[in-house]
Amino acid sequence: MANRVDRALLRLLPKVDLHVHLDGSVRAQTIADLAKEQGMELPVSPGGDLLPYIQVNEECGSLQEYLSKFDFVLPFLQSREALERVAYEIVQQSAEHNCRYVEVRFAPQLHRRKGLTVEDTIRSVVQGLRRGEEEYGVTARVIAICMRNHSYEDNLEVVEAAGRFIGKGVAAVDLAGDEASYPPQWFREVFACSQAKGIPVTIHAGEAGGADNVYEAITHLGAVRIGHGVRLKEDRAILDMVRERKVPLEMCPVSNIQTKAVSGWDAYPIREYFDSGILITINTDNPSVSGTDITKEYEVVADRFGFSLEEIAQLIMNGVEAAFLGEEEKLALKREFGERLQELGIDPAGKTP
Ligand SMILES: O=c1[nH]cnc2c1ncn2[C@H]1C[C@H](O)[C@@H](CO)O1
Ligand SMILES: [Zn+2]
């Protein structure tokens with residue numbers, strides 16, 4: 001599509017990232033440092049290239065294959081210091097791309113191999129984000145993830161701990177992992193608990209499973225946002241429901257192609273979703289696993305689907321609207337973004353559904 005929007009300008013735009021995994025955002029240099037500090041072995045000699053261990057390549061054939069990359073990084077993220085550092089660095093990386101608000105998600109139960117409690121892990125990540133907030137003026141929140149392959153008890157523990165941190169750094173809970181093998185129906189009891197506690201819910205759905213998983217996530221798990229939702233297009237009625245209820249989709253274009261949520265860019269439905277009035281947001285998912293950043297995500301969308309600068313501004317404002325922030329904080333962010341976009345001479349396309 002002949003609609004080149006300049007990368008430098010895209011980088012300058014104020015942005016948000018509502019869907020970024022902590023363990024999918026660890027730079028190679030950070031892993032090398034953590035390995036050294038913790039006396040852990042690396043598969044390459046000092047200074048060697050860790051990228052093939054961290055990042056997927058073009059042959060990635062499924063979400064399951066994509067998820068196998070996390071086996072490499074998780075052993076390095078088992079201490080308070082490591083979690084604090086990686087959380088801080090995500091804010092730093094966000095600031096580099098003028099990302100002014102970021103919701104960092106992670107699964108506390110994956111960081112307990114060396115004795116940390118669920119609360120320890122959350123406290124450490126919140127601390128790292130706070131340090132980043134202070135240094136870079138970015139606002140950052142945590143989303144605590146329940147994993148599809150974890151037990152009811154383990155997931156319930158995450159929801160309960162998240163409840164204790166609501167308003168103290170945690171904004172919501174999520175369900176992630178292998179969607180093809182674990183349907184959302186199995187998690188009704190876990191999310192009944194988050195609903196009872198009034199914790200906002202977002203669910204990975206319609207990525208490696210069909211549109212009915214999106215329906216289940218909204219109607220039974222209480223999801224007020226959907227992670228990905230790429231396969232919504234397979235069911236017209238569910239697509240209409242998402243639009244009518246204004247449920248934002250956290251789309252992650254580069255990741256969605258790598259996990260084969262759709263066969264390729266030709267089948268990626270972002271343009272039809274946007275034009276039909278669905279609240280689309282653009283996010284990174286896993287910068288280090290996917291080899292992406294938030295600027296690149298917008299660049300891909302502009303280049304491949306002909307989004308104009310005004311439409312990109314609308315996507316950005318959709319992200320602000322969908323943020324798990326209180327009304328006042330959201331209003332302040334909207335004002336800030338509105339002013340900055342105006343300074344840059346850009347008017348959102350006004351396609352608010
Ligand atoms: O795109 C994804 N879909 C489902 N699960 C995911 C995705 N990206 C990361 N995860 C998993 C792997 C991580 O270890 C976990 C917690 O961040 O969440
Ligand atoms: Zn994700």
### Summary
Within segment 279-302, residues in a helix (DSSP H, G or I) and either farther than 19 Å from V91 by Cα or among the polar types (S, T, N, Q) (or both) come out as S288, S290, T295, E299, V300, V301, A302
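Considering L22, L42, which residue is away from ligand 1 (no atom under 16 Å from the Cβ) and out of contact with any Pro (no Cβ under 7 Å at 6 or more places or on another chain)? Even if it seems obvious, please write down each step before you answer.
Details: L22 fails: away from ligand 1 (no atom under 16 Å from the Cβ).
One residue alone meets the criteria, L42.
So if I check each of R225, R243, R271, which one is out of contact with any Ser or Thr (no Cβ under 9 Å at 6 or more places or on another chain) and of a type outside the set (G, A, S)? Don't jump to the end; show me each part of the working.
On the way: R225 fails: out of contact with any Ser or Thr (no Cβ under 9 Å at 6 or more places or on another chain); R243 fails: out of contact with any Ser or Thr (no Cβ under 9 Å at 6 or more places or on another chain).
So the residue among R225, R243, R271 that is out of contact with any Ser or Thr (no Cβ under 9 Å at 6 or more places or on another chain) and of a type outside the set (G, A, S) is R271.
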### Message
Show the residue pairs meeting these rules: Cβ distance below 8 Å; 6+ apart or different chains; first residue within segment 10-33 and of a type in the set (S, T, Y); second residue part of a strand (DSSP E or B).
### Response
S25/V104
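Let's see how each residue does on (1) out of contact with any strand residue (DSSP E or B) (no Cβ under 9 Å at 6 or more places or on another chain); (2) without any contact (Cβ under 8 Å) to a residue 60 or more places away in the chain:
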site: Y88; (1), (2): yes, yes
site: E103; (1), (2): no, no
site: Q109; (1), (2): no, yes
site: E153; (1), (2): yes, yes
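Output the number of residues of segment 37-65 satisfying the condition of being in a loop (DSSP other than H, G, I, E, B) and either within 21 Å of G264 (Cα to Cα) or hydrophobic (A, V, I, L, M, F, W, C) (or both).
Just the residues of segment 37-65 that are in a loop (DSSP other than H, G, I, E, B), to begin with: 38-50, 55-62.
Narrowing the set further to residues that are either within 21 Å of G264 (Cα to Cα) or hydrophobic (A, V, I, L, M, F, W, C) (or both) leaves 40, 42, 44, 50, 55-62.
Total meeting the criteria: 12.
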### Task
Pairs only if they're at least six apart or on different chains, beta carbon under 6 angstrom, first in segment 308-320 and among the polar types (S, T, N, Q), second surrounded by fewer than 23 Cβ atoms within 10 Å (Cβ to Cβ) and modelled with pLDDT under 95; list them, first residue then second.
Q314/P348; Q314/A349; Q314/K351
### Task
Scan segment 171-230 residue by residue and report those that are away from ligand 1 (no atom under 15 Å from the Cβ) and in a strand (DSSP E or B).
A171, V201, V224
### Selection from segment 201-247 of residues that are closer than 21 Å to D17 by Cβ and surrounded by fewer than 19 Cβ atoms within 10 Å (Cβ to Cβ)
V224, K246
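The values are calculated or read from the model by the stated rules, or taken from the named source; none is laboratory data. Everything quoted here is computed from the prediction, not taken from an experiment. Cβ: placed from backbone, ideal geometry, glycine included. Neighbour counts: every protein chain shown.
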